[in-house]
C-alpha cells in the first residue's frame, strides 16, 4: 500500500522548515521547551489533517499558525495563575506582537520569513540547544530534534539506543533549560568563544558518529553524517565571519568526499591506502577546499577544525598514499597538538610519522602512548601498533597486538577487518 501523499508532504515540510517554525515559536513564547512542544502539537495535527483534507497552499505557514493558536490557548490556561499570560494571550489574539515578533502569518497564509534567508531564530535555536547547562548527550539529542527536525525514533536509530532513552534525554533537557531559565536568544558576542565552541562540538560529534560508526553493522552512517554537514552549511551562512565554522565545514566536506570508497561490497571498511580514489567525490573536495580557504582568509590563523581540514586536504589532493605530503601532515599534527592536545591526535601523528620517517620511528611514537588511560580502553592503539609491526616484519608481535585490538573493538565491520588482518599473518 502506497503512503498517503499528505503524510509525505508533512514529513518533507517538517524536515525543511522545522527549525524556523520552532525558532519563531520560541521567539513568540520566549521559551524553547514550550516552543518545541507547540511545534510538535502542530505536527501531530498536520499528520491527521493533511492526509484527510489535502496539503494547504502554504504548508509551513499552516504549521506556524496552528502552533501560534496553541500558544494562545496555553497562555489562556495559564492566565488564571498569572495575569501576564492573560495579557499576552489577548495581545496575540488581536494579531499583536510579542518580543519583537510580528504576526506569524499574513491573511493569505504567507510565511513570516524569506524562504531564501536563514534568520537569527535558527542561530538562537542552535545556541540554546547546545547550552552549557546541558550534558553533551542532551545537547546532541535536542539539536537533532529541534534544529534538524528528526523524530525520537530517527535519533535513536542513528545512535543505536532505545527510543525511550532519547525521549528521556530530550525531556530532561527541556526541564533543565526551564529550571535554569535559559533565554531563547543569540548570546552576546563576548560569550561566543565558549558558546560557539559547544555548538561546533555538537555538530562535529554527530558527524564523527556518522563517519566512524562506533557500533552497529555499518562503518559509515551516511544519513547522520550528512545531517551534520547540513547543520555546518547552515552555520556557515549564519556566521560568515567565524573562521572555525568554515574550518569545521571544510573538515566535514573533505572527510565525506571519501565516503563512496570507504566501504567494500561486503560492508567491510576499506583502509585509506586501499581506497579507489577515482570514487572520491570531487565536488565535495572542491567545496571543502573552498571552505578551508575561506577559514584561512577570515581568521588569524586556522583553529583546531581548520588544521584538521588542512590534514584532510593533504589526503584529498594526493594521487596515492605514497604521494601524500606526509612531512606536511606531521607538521600539521604538531600544530594541532598545541591547539587541541589529545591522545587521539598523538596517535594519528604517530601514524603520520611512520609514513614520513619509517615504521621504526612510528613504533617509537606509538609505544610512548602505551600507558595512556584513554587509548587503553579502545582498539585504535593496538590496531595501529599491529599495522606498524607488520610492516617491520615482526609478525608474532603484530598478531598479539591485533588480537588485543579485536578484543576491544565494538564495531562489527571493524572486527571483520581485524580478523582479515590476523588471517593474513598466517
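Of the residues 312, 284, which single one is closer than 30 Å to residue 196 by Cβ and in contact (Cβ under 8 Å) with a residue 60 or more places away in the chain? Outline the logic, then answer.
Numbers: 284 fails: in contact (Cβ under 8 Å) with a residue 60 or more places away in the chain.
Exactly one of 312, 284 is closer than 30 Å to residue 196 by Cβ and in contact (Cβ under 8 Å) with a residue 60 or more places away in the chain, namely 312.
Among the residues of segment 343-372, those identified as touching a residue at least 24 places away in the same chain (Cβ under 8 Å) and either in contact with a strand residue (DSSP E or B) (Cβ under 9 Å, 6 or more places away or on another chain) or not in a helix (DSSP H, G or I) (or both) are 369, 372.
Are any residues in segment 161-182 outside any helix (DSSP H, G or I) and touching a helix residue (DSSP H, G or I) at 6+ places or on another chain (Cβ under 8 Å), and if so, which ones?
Start the filter on segment 161-182 by keeping residues that are outside any helix (DSSP H, G or I), which leaves 161-162, 180-182.
Those that are outside any helix (DSSP H, G or I) and touching a helix residue (DSSP H, G or I) at 6+ places or on another chain (Cβ under 8 Å): 162, 182.
Taking the condition farther than 25 Å from residue 7 by Cβ, modelled with pLDDT under 60 and under 24 Å from the mean Cα position of the chain (by Cα), does residue 116 pass? Considered against the rule, which asks whether it is farther than 25 Å from residue 7 by Cβ, modelled with pLDDT under 60 and under 24 Å from the mean Cα position of the chain (by Cα), residue 116 comes out as yes. When segment 248-262 is filtered for residues that are within 22 Å of residue 297 (Cβ to Cβ) and under 14 Å from the mean Cα position of the chain (by Cα), the ones remaining, listed by number, are 248, 249, 250, 251, 252, 253, 255. Checking each residue in segment 283-319 for being farther than 18 Å from residue 237 by Cβ, more than 22 Å from the chain's Cα centre (by Cα) and not in a loop (DSSP other than H, G, I, E, B) picks out 296, 314, 315, 317.
Of all residues in segment 301-319, at least one satisfies being farther than 28 Å from residue 358 by Cβ and surrounded by fewer than 20 Cβ atoms within 10 Å (Cβ to Cβ).
Right, residue 25: under 24 Å from residue 186 (Cα atoms) and at pLDDT 85 or above or not? Here the answer is yes, as residue 25 does meet what is asked.
Yes or no: residue 260 in contact with a strand residue (DSSP E or B) (Cβ under 9 Å, 6 or more places away or on another chain) and either closer than 22 Å to residue 194 by Cβ or surrounded by 14 or more Cβ atoms within 10 Å (Cβ to Cβ) (or both)? Talk me through it step by step, then tell me what you get.
Details: in contact with a strand residue (DSSP E or B) (Cβ under 9 Å, 6 or more places away or on another chain): no; either closer than 22 Å to residue 194 by Cβ or surrounded by 14 or more Cβ atoms within 10 Å (Cβ to Cβ) (or both): yes.
Against the criterion (in contact with a strand residue (DSSP E or B) (Cβ under 9 Å, 6 or more places away or on another chain) and either closer than 22 Å to residue 194 by Cβ or surrounded by 14 or more Cβ atoms within 10 Å (Cβ to Cβ) (or both)), residue 260 does not qualify.
In the set (1) crowded, with 18+ Cβ neighbours inside 10 Å; (2) closer than 12 Å to residue 129 by Cβ, residue 166 fails one condition alone, (2).
Note on segment 132-155: among residues that are outside any helix (DSSP H, G or I) and without any contact (Cβ under 8 Å) to a residue 40 or more places away in the chain, the one that is surrounded by the fewest Cβ atoms within 10 Å (Cβ to Cβ) is 135. Look at residue 302 and say whether it is over 21 Å from residue 255 (Cβ atoms) and in contact with a helix residue (DSSP H, G or I) (Cβ under 8 Å, 6 or more places away or on another chain). Against the criterion (over 21 Å from residue 255 (Cβ atoms) and in contact with a helix residue (DSSP H, G or I) (Cβ under 8 Å, 6 or more places away or on another chain)), residue 302 does not qualify.
Being surrounded by fewer than 24 Cβ atoms within 10 Å (Cβ to Cβ), assigned to a helix (DSSP H, G or I) and in contact (Cβ under 8 Å) with a residue 24 or more places away in the chain narrows it down to one of 196, 254, 248, 231, so name that one. When all the criteria are applied, what remains is 196.
Taken together, 49, 105, 34, 97 contain a single residue that is over 29 Å from residue 134 (Cβ atoms) and modelled with pLDDT of 85 or more, which is 49. Taking every residue in segment 387-414 that is assigned to a strand (DSSP E or B) and pairing it with any residue that is modelled with pLDDT under 95, at least 6 positions away or on another chain, the pairs with Cβ-Cβ distances below 8 Å are 411/213; 411/214; 411/215; 411/216; 411/219.
Screening residue 158 against (1) at pLDDT below 85; (2) out of contact with any helix residue (DSSP H, G or I) (no Cβ under 7 Å at 6 or more places or on another chain); (3) in a helix (DSSP H, G or I); (4) farther than 24 Å from residue 304 by Cα leaves a single unmet condition, (2).
The values are calculated or read from the model by the stated rules, or taken from the named source; none is laboratory data. Remember, it's a predicted structure, so these values are computed and weren't measured experimentally. Cβ: placed from backbone, ideal geometry, glycine included. Neighbour counts: every protein chain shown.
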